[in-house]
Amino acid sequence: DGGAGVLHIVKNYSGDIMNFGMAADLAQAEGIEVESVITNDDVAVMDSLYTQGRRGVGTTVLAEKICGAAAEQKRSLKEVADICRKVNGWGRSMGMALTSCTVPAKGSPTFELGEDEMEIGIGIHGEPGRERMKLKTADEITEILATAVLDDLPFKSGDEVLAFVNSMGGTPISKLYIVYR
């Protein structure tokens, strides 16, 4: 805290909400003003074992970058939190995987995929997605993901959008360029 207060940008996962809630309580007990925004952009699932409502995923990164810039401009904590809520309100995401991640505490993949399979709608903590299907081309995968995201908001032809292409840590940048084109 540099004196202007603290904004917590929290992904909508039960453990994250609990931990940031405790941190906010501790900071407020020391007289630090705290605002919290829970990101919930993932269109893949509405409720899961780890969340009530949508999970927070890619929009979190955009919110952190945009809000960081607003804070550097010396905007008030309330203004920065309002910007964050606006970014979150318009943000949407959808993930996919060709393999499962291995959570360090578990030491093994969280789910299994065949060599010719992919999972649409995976979560960042190794949660399986909403649909498993045969492997598709990059163009087909991009179409599936973009359609799910764009169908969730009232976009119309000519609207400007920001496309954030993210590897979730496992995709080489050369393959991301194929999707981004």
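The values are calculated or read from the model by the stated rules, or taken from the named source; none is laboratory data. Fair warning: this is a prediction, and the values are worked out from it, not measured in the lab. Here the Cβ is made from the backbone with ideal geometry for all residues, glycine too, and neighbour counts use every protein chain on show.
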Q) Does residue 92 satisfy being touching a helix residue (DSSP H, G or I) at 6+ places or on another chain (Cβ under 6 Å) and among the charged types (D, E, K, R)? A) yes
Within the range 125-154, residues free of Cβ contacts under 8 Å to residues at least 40 places away in the same chain, in a loop (DSSP other than H, G, I, E, B) and surrounded by 14 or more Cβ atoms within 10 Å (Cβ to Cβ) come out as 126, 128, 136
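Do we find that residue 32 is touching a helix residue (DSSP H, G or I) at 6+ places or on another chain (Cβ under 7 Å), surrounded by 14 or more Cβ atoms within 10 Å (Cβ to Cβ) and either without any contact (Cβ under 8 Å) to a residue 12 or more places away in the chain or outside the structural domain of residue 112 (by TED's automatic domain parsing) (or both) in this structure? Full working, then the answer.
Numbers: touching a helix residue (DSSP H, G or I) at 6+ places or on another chain (Cβ under 7 Å): no; surrounded by 14 or more Cβ atoms within 10 Å (Cβ to Cβ): yes; either without any contact (Cβ under 8 Å) to a residue 12 or more places away in the chain or outside the structural domain of residue 112 (by TED's automatic domain parsing) (or both): yes.
No: the conditions fail for residue 32.
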